[in-house]
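Below is one structure; the comments refer to it alone.
The values are calculated or read from the model by the stated rules, or taken from the named source; none is laboratory data. This one's a predicted model, so the numbers in the text were calculated from it and none came from an experiment. Neighbour counts run over all protein chains shown; Cβ positions are idealised from the backbone, glycine included. When the accessible area is computed, the model is the full protein with side chains, heavy atoms only, and any ligands, DNA or RNA have been set aside. Shrake-Rupley method; radii C 1.70, N 1.55, O 1.52, S 1.80 Å.
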Amino acid sequence: MEFLTYEWLGKPVWMWLGFHGLVAGLLAFDLGLLHRDKNHEIGVKESLLLTAFYFTLGLIFGGWVWWMLGPQAGQEYVTGLVIEKSLSMDNVFVIAVILTSLGVPRASQHRVLVWGILAAVLLRGLMIGLGSALVSQAHWVLSVFAVFLLYIGIKMLVTKEDEEKDVRDSASFRLLKRFVRVTDEPHGQDFVVRKPDPETGKTVRWLTPLAVALVLVNVADVIFAVDSVPAIFAITTDPFIVYTSNIFAILGLRALYFALAAMVDRFAYLKTALALILLFIGAKIVVADTLDLVHLPPWVSLAVTVVLLVGGIAYSLWRTRGETRGETGAEAPHGRAAQGG
């Protein structure tokens, strides 16, 4: 078992294996125990309780990081967790559009989201590995990340919301239908079904809207990762902290989906808060890393992120108080364009 002590990306192999074992256990617990009933619909209360569970577990893991790797690593992890969760919140509204447009039943939505985590773990791992390799070989890449984050932040501030689009009209969906057969209606919890081909009459495999939703959700996750991964590298370049904070943010956000999707129209000003977070992080890289003028400790980034996020949510809820909103995530959110296509 000596190989467990070998270092990989700066940390012992046993730390990486232990974390992935924890993630696998959580997914098995979620799918195999909490949601054995495939027809069970997750309500807002259950969503919030599950979110609290994942967030608490994420903080406990952060305490372990603090104990094992030191106070600075612990602060960087918690800061990364909050930033990643904040920037990923906008992804929830895009996911709601995807699931609604494809007519995925509410009872099946959790299945799409949880299985989407498996692909997200792989995709985020690849992107973070690439980012770590670039930063370690050329530190100036952080300056490129800064310019990109500033550009995205400014674009989010000045760009008006598009009208809601039907995912079935997106380029991603049309491209997918060119190569595979897709049924018009969902088939329970199945991702693939066998049915006759209308042209040949032979029984062939078809993808269901559930499978298409899974593909598009992960396309959306990759697009949002292009923003969030550079942002976390502004806090730390430690691959282990970057990766674990990303994955815990994804785990918790999937749980929070059913609560947020029920109140999409109440978060009208969240986009502004997220844009300001990106601008702050981009400016931090310029001031601290590129120009080497002022060094900001991780807790400052954490405090600024929390203040902007809480302020954006509170202001949104205050401005939209008394407005009627949908009770379930199955209702289409307004003013949100489907991205990733």
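Once R0 is set to 22 Å, what does the formula 1/(1 + (r/R0)^6) return for the Cβ-Cβ distance between residue 192 and residue 46, expressed as a FRET efficiency to the nearest 0.05? Let's see the in-between values first.
On the way: r = 28 Å, r/R0 = 1.29.
The formula returns an efficiency of 0.20 here.
What spacing in nm lies between the two simple spin-label points modelled at residue 283 and residue 177, each 7 Å away from Cα in the Cβ direction?
Using points 7 Å along Cα→Cβ, the separation is 4.6 nm.
Ranking request for peptides 107-116, 50-59: highest mean number of other beta-carbon atoms within 10 Å first, then the rest in descending order.
Descending mean neighbour count gives 107-116, 50-59.
Using θ = phi - 60° and the Karplus relation 6.51 cos²θ - 1.76 cosθ + 1.60, list the HN-Hα couplings for the stretch 62-79 in order, rounded to whole Hz, with x at every Gly or Pro.
x, x, 5, 4, 4, 5, 7, 10, x, x, 5, 4, x, 5, 5, 5, 5, 4
Quick one: ranking 128, 154 by accessible area, 1.4 Å probe, largest first, what do you get?
Largest to smallest exposure gives the sequence 154, 128.
Could you tell me which of the pairs 85/284; 45/85; 155/177; 11/155; 11/271 are separated by over 26 angstrom between their Cα atoms in the structure shown?
As for pairs spanning more than 26 Å Cα to Cα, those are 155/177; 11/155; 11/271.
Once both labels are modelled 7 Å past Cα along the beta-carbon direction, what's the residue 184-residue 126 spacing in nm?
3.5 nm
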